[in-house]
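*Asks:* Have a look at this one.
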Amino acid sequence: MAITTANILLGSGTFSWYGLNITGTPSTGWHDVGGFRDGVTMAFEEDQVLVEGQAGGAVKALRGRMGITVTTNLLESTLDSLMVSLYGSGTNTDVVTAGTSIEFLVADPVPVPIKFVAASSIGADGLTTYNFSSAVPQLGQDVSYTKDAETIFPVTFTCLAIASGSNWGFGKVTDT
C-alpha cells in the first residue's frame, strides 16, 4: 500500500482548554495553555457483546462501553499546564491561590473541554483540530522531564462522554 504523505500529521501544535485560566480570568473562548510535541495519542477501549443467531454464528455486535484516553507531551511547564494536568479546569478554586500558586490537595478533577491543533497538509488551512468535549486528567506519570533542551510535561486525559442530540459522544477531529 502506498503512503499518502499528505495524510501524515506533524507531531507538534498548540493545546488549549475552554474555561478560566490559572489567574481566574474568565475566558470567552479557548485558553491557550501552550504547545505540545511528539504527537497526540488516542487510545480507544470498548466492551463488546456478540449476539448469536439461530445457526450459532455471531449476527450482531453490541457495544456495552466505550472509552477514550488522550496522551501528549506539553512543552511549557507553567502553572496553567500543571493545573490542567492535575485537576482539569482552572475553576477548581480549592487548589488555586490568586493565580500565583497551586496547592497539591486531594481534590476531584474538574471536567474541561480540551483542544489540540496540529499542522497538517490536509485541508485549506493545513490544520487538524482534535476537540474533546469533556476530559479529566489521569495521574500516574512523571510531572516533567527534559528532552532536546525543552521541558516536557507528559499528560493523559480520560475523555468523558456527553449527550450530543440523541447520542453520546466524546468530541471530533476536523481538518481545516
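*Asks:* Part of a strand (DSSP E or B), under 18 Å from Met42 (Cα atoms), touching a Leu at 6+ places or on another chain (Cβ under 6 Å) and at pLDDT 80 or above: is that true of Ala118 in this structure? Spell out the reasoning first.
*Replies:* Working: part of a strand (DSSP E or B): yes; under 18 Å from Met42 (Cα atoms): yes; touching a Leu at 6+ places or on another chain (Cβ under 6 Å): yes; at pLDDT 80 or above: yes.
Considered against the rule, which asks whether it is part of a strand (DSSP E or B), under 18 Å from Met42 (Cα atoms), touching a Leu at 6+ places or on another chain (Cβ under 6 Å) and at pLDDT 80 or above, Ala118 comes out as yes.
*Asks:* Mind telling me which of the residues Ser144, Ser164 ends up being farther than 20 Å from Leu86 by Cα, modelled with pLDDT under 80 and of a type in the set (Gly, Ala, Ser)?
*Replies:* Working: Ser144 fails: farther than 20 Å from Leu86 by Cα.
The match here is Ser164.
*Asks:* Answer yes or no: is there a residue in segment 92-102 that is in a strand (DSSP E or B), modelled with pLDDT under 60 and over 21 Å from Ile162 (Cα atoms). Write out each step before concluding.
*Replies:* Step one: list which residues in segment 92-102 are in a strand (DSSP E or B), which gives 96-97, 101-102.
In the following step, the residues that additionally are modelled with pLDDT under 60 were identified as 96-97.
If we keep only those that are over 21 Å from Ile162 (Cα atoms) too, we end up with 96-97.
Yes.
*Asks:* Could I ask something else about it? Cβ-Cβ distance below 7 Å, separation of 6 or more or different chains: which pairs start in segment 54-78 with a residue that is more than 24 Å from Pro113 (Cα to Cα) and end on one that is exposed (fewer than 10 other Cβ atoms within 10 Å of the Cβ) and at pLDDT 80 or above?
*Replies:* Ala58/Val51; Val59/Val51; Val59/Gly53; Lys60/Val51; Leu62/Val51
*Asks:* Thr71: surrounded by fewer than 21 Cβ atoms within 10 Å (Cβ to Cβ), touching a strand residue (DSSP E or B) at 6+ places or on another chain (Cβ under 8 Å), modelled with pLDDT under 85 and polar (S, T, N, Q), yes or no?
*Replies:* Details: surrounded by fewer than 21 Cβ atoms within 10 Å (Cβ to Cβ): yes; touching a strand residue (DSSP E or B) at 6+ places or on another chain (Cβ under 8 Å): yes; modelled with pLDDT under 85: no; polar (S, T, N, Q): yes.
In short, no.
*Asks:* Please go through segment 20-60 and pick out each residue that is modelled with pLDDT under 85, more than 21 Å from Lys172 (Cα to Cα) and among the aliphatic types (A, V, I, L, M).
*Replies:* Listed by number, the residues that qualify are Leu20, Ile22, Ala55.
The values are calculated or read from the model by the stated rules, or taken from the named source; none is laboratory data. Predicted model only: the values in this text are computed from it and were never measured. Note: ideal-geometry Cβ built from the backbone for every residue, glycine included; neighbour counts use all protein chains shown.
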